[in-house]
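**Student:** Take a look at this one; I'll ask things after.
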Amino acid sequence: MAEKKRYFLEPAVLGRLIALPLQARQAMLGNVSGKHRSPIRGSSLEFDQYRKYVPGDDTRRLDWRTWGRSDRFYIKQFEADTNLRLCLLMDTSGSMDFGTEGATRFDYARKLAGSLGYFAAEQGDAVGLWSLATKRVEIPARRGPAHLGQVLDQLGELKPAGGTTLIEALHEAAEKVRQRALVVIFSDFFVAPAELKSAFQHLRFRKHDVAAFHLLDQQELDFDFDRPARFLDMEGGETMLADPSLIARNYREAVRRYIAEMEEVIRTTGVDYHRVRLQENYEGALARFLLARIQNHPRR
Amino acid sequence: MTFLQPVVLIALPVAALPVIIHLIHLYRRRQIKWAAMIFLRAAQQMNKGLSRLRQILILTLRVLAVAAIILVAGRPLAGGWLGLTGGAPDTVLILLDRSASMEQKDMATGVSKREAGVRNLAKAINDTTGGHSHVVLIDSALEKPLALDRADALLDVPQTGATDTAADIPGLLQAALDYITTNKTGRTDVWLLSDLQQSDWEQGSGRWPALRNAFASLQGVRFHLLCYSQGADGDLGVTVNHVTRRETESGAELLLDLRITRRIKPGEHPDPIDVPVRFVVNGISTVAKLTVKESQLVLQGYTIPIDKGTRRGWGRVELPADAFPANNVFHFVFDDPPVLRSVIVSDDPAESAPLQAALEATADPSRKYVATTLGVAHAAEIPWAETALIVWHAPLPKPGEAIARQLQEHAAAGRDVIFLPPEAPDGTELFGLHWENWKTAPAAVQWWRNDAGLLANTRDGKALPVGTLEMTRYCTVGGEGTPLARMSGDETVLMRAEGDETGGGAYFLGVLPGSGSSSMARDGVVMFAMLQRALNEGAGTLGKARQGFAAALALGPDPSLWHQAEAGAEPIIPPELPLRAGVVASGDRLIALNRPPGEDVTQTVPVAALNDLFAGLDFRVVTGTLEDTRSLTNEVWRTFLLCMAAAILGEALLCLPPRRSKMPGGEKIAAAAAPWGEKEAA
């Protein structure tokens, strides 16, 4: 039964990408030791810096060699490693159901989110799941295989439907996820970029490392239709008659403006943004995401 | 627009087919579940105005294309003035100007303005009405409505034939108005064919405003004016003003005052030309070559020798044929001149004496003048048949009285009557006029008609001193007539009664010549000129040989009493005799009929002036030329085919899909949408 719910996980892909660590772009505040840097100085093997001794410091941290050379007391500080909280935020609005059956935008997001959850759990990080829709699912981030199983099962059961409440849901998530976390959002972001900007800023204000997978179908970019058609809104049931030959030019112009605005939002909010076409292999998208994080690993 | 196959127009609603198909397509379009509505809405918003306009244009062009096909199948007719006439009217009223000037011909084809116009009209009316309209002809010569079975009959009926008469266009329109109002003709198209000759149109006539108002009050009356105002440059015309027989030592001769005019353009100085002029007297002809140097040649007393025993006869002067044949011939008759007899009916010697003196004065030494004064009680003794002018200074006889009837017959016979006011006007009306009230106050004539009539300017163009006449009392004239002189305040003191078509007339003069009323007798000039003109006018019908102008009543009510004087002349049916130039005889009487002088006038009414004459009426003007042999109506299906082709082409252009591979930024979008990793790699 559990296997059926986790159909979106592909062991081969997981096996190929498991070697790439899921890094946070900033220091995390974990509750156990882990692979991620912590803002708190710790006792790991990696030297960080010297500082002058002040009364009250642990004398065991004094660097006696330096005292011998300079006759002054310095405290030797080391970095602390901790675990991270991975919060997977899934947009479950109706528009995520775009695509053919079994290869919808949500299926794509599910594969990305499931794989990331798996990788995080494998490296001992906590994994949580939030659905950004009217009917909310909130699984707080926890460690452990059992919890991962619960997250994956829930992920498998999620179904996109209804209108979008993406902006409100992001604001709500920013408030509810109290400690620093790696927040990864999977959405088509079919909302006004200005509204999205405030939501991203809210998340960033809460010190979260925010990553966003912007999932778009090539057809949505090109609007490559031959004949007039009645377009049914997947989020509200509204229909619109349109003749592609008449409006394609303006449609593409609208897309270009939207993308430009999105890039402006990303630039000002510092979100780790990944625009992904549904036509590409999700393994590649995942690999790029993980590799980019390794390259951008923070130096404190 | 009219159609030869109007039944096909039933299919016109089919033109809405593209709209219906469009609507069907609208509701049968495939449905696509779409997520990126945010872009679609933005695109629709951007495209809203243009897209809708384009769609409307496409549909309109499709409808037009289908409609054009149907209209082509209906075989549309149009052409100049007939375009957009809105289908066959109930009645088609044809007003035909049959004046002599309409006989101007195209030298190449020999077709006159009248013939070309009538032919065009017949075809156009036949084509446009398809025989569904009631066709009525009113010609200028007879001014009597003639119902026709079909428009083609215009070519056959004698009422569309040539005449040498003048045309009274306002009178023609009045006849049309009377016909329309009497017969309740429904939707009526009035088609007027004319050459716009100024003398026929009488632009300044007071009848025009009344006609405009009357027609404007009628519903569904439209005017179509087909005008042939083209002039005949270089045309030669001849008129004979005076013919006198004189005996000489060796025999006798005719003295002719003749004028040959040559139509030239203003400012043109043509070379002199030799004109062979043919003179025919009692069938014997002679030819003389005369030289015309400028625009006219005037010969006073040109002599033609005749046999001494020939005391009376007829003749004509002929010019070589040209584009306007009607003015190439002038007919004349000659006889011993009649006595210029006048009768003054008055009981007041103070008033009659100066009148008699003026009438007895010998203005022309070759004529004999006799003036008689009779008391009112002896009015019955007037020698009616020999009197050219009657001056009636007495109360007006009551209508129905024998003397009233005799006066009317006298005027109808072409002689003149001048009525002077009695001391006690009683409102009796004669000739449609009556005396109003006496007014006693110093006054002077403010306006008088100086282009024609008794107070016209002299031959050298000088005005009579009418304005300097002093008046102390005068009686105003009431009723419908032609005012010839007015005091201040539009009070008429000299008016001519209407309806005098034979040349004579009845005049009402509200001023007495005596010293107690005016200075007319003392100053003399105006009174003398006025009385002598009336006398000459009335004398025109005296004698056994006289000159006249072609007109419907030129030979009286029964033209069958007359026959052509020249035995070998081209025969004319009796009803047409008074309308054609020539010499006619009845017993021992001879009459030479010629075109009226107005027909030699070259000025035409400018087409622009028609806008004023027909202001406020629904009218169209088409100017034709004799050289233009095209029909007034044309099948215009080619135009519709072109329209259809243009509509289809326009629709195709509007429907052209945008260049797919070069979609604005299509590749750019893909690149912009590419993940950052790809962009970097790129």
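Yes/no matrix, rows are residues, columns are (1) part of a loop (DSSP other than H, G, I, E, B); (2) in contact with a helix residue (DSSP H, G or I) (Cβ under 6 Å, 6 or more places away or on another chain); (3) not hydroxyl-bearing (Ser, Thr, Tyr):
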{"position": "B:Ala166", "(1), (2), (3)": "yes, yes, yes"}
{"position": "B:Ala175", "(1), (2), (3)": "no, no, yes"}
{"position": "B:Phe223", "(1), (2), (3)": "no, no, yes"}
{"position": "B:Ala232", "(1), (2), (3)": "yes, no, yes"}
{"position": "B:Thr239", "(1), (2), (3)": "no, no, no"}
{"position": "B:Thr244", "(1), (2), (3)": "no, no, no"}
{"position": "B:Ser250", "(1), (2), (3)": "yes, no, no"}
{"position": "B:Gly267", "(1), (2), (3)": "yes, no, yes"}
{"position": "B:Val275", "(1), (2), (3)": "no, no, yes"}
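**Student:** I'd like the residue in the stretch B:152-197 that is touching a Ser or Thr at 6+ places or on another chain (Cβ under 7 Å) and free of Cβ contacts under 8 Å to residues at least 60 places away in the same chain and, out of all such residues, is nearest to B:Leu555 (Cα to Cα).
**Tutor:** My answer is B:Asp168.
**Student:** Still on this structure, I have one more. Out of curiosity, is B:Ala441 modelled with pLDDT of 90 or more, among the small types (Gly, Ala, Ser) and closer than 26 Å to B:Ala350 by Cα?
**Tutor:** No: the conditions fail for B:Ala441.
**Student:** Could you tell me whether the stretch B:483-494 includes any residue that is in contact with a helix residue (DSSP H, G or I) (Cβ under 6 Å, 6 or more places away or on another chain), surrounded by 21 or more Cβ atoms within 10 Å (Cβ to Cβ) and touching a residue at least 40 places away in the same chain (Cβ under 8 Å)? First the steps, then the outcome.
**Tutor:** As a first pass, look at the stretch B:483-494 and keep what is in contact with a helix residue (DSSP H, G or I) (Cβ under 6 Å, 6 or more places away or on another chain): none.
No: zero hits.
**Student:** Something else: Return a yes/no flag: does the stretch A:90-101 have any residue that is buried (at least 23 other Cβ atoms within 10 Å of the Cβ), in a strand (DSSP E or B) and either among the hydroxyl-bearing types (Ser, Thr, Tyr) or touching a Ser or Thr at 6+ places or on another chain (Cβ under 7 Å) (or both).
**Tutor:** Checked the stretch A:90-101: at least one residue is buried (at least 23 other Cβ atoms within 10 Å of the Cβ), in a strand (DSSP E or B) and either among the hydroxyl-bearing types (Ser, Thr, Tyr) or touching a Ser or Thr at 6+ places or on another chain (Cβ under 7 Å) (or both).
**Student:** Here's another thing I want to ask about it. Could you tell me how many of the residues in the stretch B:449-477 are among the polar types (S, T, N, Q), surrounded by 15 or more Cβ atoms within 10 Å (Cβ to Cβ) and out of contact with any Asp or Glu (no Cβ under 8 Å at 6 or more places or on another chain)?
**Tutor:** Taking the stretch B:449-477 first, the residues among the polar types (S, T, N, Q) are B:450, B:457-458, B:468, B:472, B:476.
With surrounded by 15 or more Cβ atoms within 10 Å (Cβ to Cβ) added as a condition, the list becomes B:450, B:472, B:476.
Narrowing the set further to residues that are out of contact with any Asp or Glu (no Cβ under 8 Å at 6 or more places or on another chain) leaves B:450, B:472.
The total comes to 2.
**Student:** Hey, among the residues in the stretch A:183-198 that are in a helix (DSSP H, G or I) and of a type outside the set (Asp, Glu), which one's farthest from the other protein chains (Cβ to nearest Cβ)?
**Tutor:** Top of the filtered list is A:Ser198.
**Student:** Sticking with this structure for a sec: Give the stretch A:257-286 a look and list any residue that's of a type in the set (A, V, I, L, M, F, W, C), facing chain B (nearest Cβ under 9 Å) and part of a helix (DSSP H, G or I), or say none.
**Tutor:** Within the stretch A:257-286, A:Ile259, A:Ala260, A:Ala285 qualify.
**Student:** State all residues of the stretch A:237-256 that are more than 8 Å from every other protein chain (Cβ to nearest Cβ) and either among the basic types (Lys, Arg) or surrounded by fewer than 19 Cβ atoms within 10 Å (Cβ to Cβ) (or both); if no residue qualifies, say none.
**Tutor:** If the condition is that a residue be more than 8 Å from every other protein chain (Cβ to nearest Cβ) and either among the basic types (Lys, Arg) or surrounded by fewer than 19 Cβ atoms within 10 Å (Cβ to Cβ) (or both), then A:Gly237 is the only one that fits.
**Student:** Is there a residue in the stretch B:213-221 that is among the small types (Gly, Ala, Ser), within 27 Å of the chain's Cα centre (by Cα), in a strand (DSSP E or B) and surrounded by 13 or more Cβ atoms within 10 Å (Cβ to Cβ)? Quick ask: steps written out before the conclusion?
**Tutor:** Taking the stretch B:213-221 first, the residues among the small types (Gly, Ala, Ser) are B:214, B:216-217, B:220.
After this cut, where a residue has to be within 27 Å of the chain's Cα centre (by Cα) as well, the list is B:214, B:216-217, B:220.
Subset that is in a strand (DSSP E or B): none.
No, the stretch B:213-221 contains no residue that is among the small types (Gly, Ala, Ser), within 27 Å of the chain's Cα centre (by Cα), in a strand (DSSP E or B) and surrounded by 13 or more Cβ atoms within 10 Å (Cβ to Cβ).
**Student:** Within the stretch B:314-323, is even one residue in contact with a Phe, Trp or Tyr (Cβ under 9 Å, 6 or more places away or on another chain), among the charged types (D, E, K, R) and not in a strand (DSSP E or B)?
**Tutor:** There is no residue in the stretch B:314-323 that is in contact with a Phe, Trp or Tyr (Cβ under 9 Å, 6 or more places away or on another chain), among the charged types (D, E, K, R) and not in a strand (DSSP E or B).
Rundown of residues vs (1) more than 27 Å from the chain's Cα centre (by Cα); (2) in a strand (DSSP E or B); (3) without any contact (Cβ under 8 Å) to a residue 24 or more places away in the chain, yes/no style:
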site	(1), (2), (3)
B:Gly543	yes, no, no
B:Ala554	no, no, no
B:Leu577	no, no, yes
B:Leu610	no, no, no
B:Phe619	no, yes, no
B:Cys643	yes, no, no
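**Student:** Pairs needed: first member in the stretch A:213-236, more than 7 Å from every other protein chain (Cβ to nearest Cβ); second member anywhere, of a type in the set (Val, Ile, Thr) and in a loop (DSSP other than H, G, I, E, B); C-beta distance under 8 Å; at least 6 residues apart or different chains.
**Tutor:** Pairs found: A:Glu235/A:Thr164.
**Student:** Just one of the numbered conditions (1) of a type in the set (Val, Ile, Thr); (2) in the same structural domain as B:Ala385 (by TED's automatic domain parsing); (3) surrounded by fewer than 20 Cβ atoms within 10 Å (Cβ to Cβ); (4) not in a loop (DSSP other than H, G, I, E, B) is not true of B:Val298; which one?
**Tutor:** (2)
The values are calculated or read from the model by the stated rules, or taken from the named source; none is laboratory data. In this text, all values refer to a predicted model and were calculated from it rather than measured experimentally. Note that we place each Cβ from the backbone using ideal geometry, even for glycine, and neighbour counts take in every protein chain shown.
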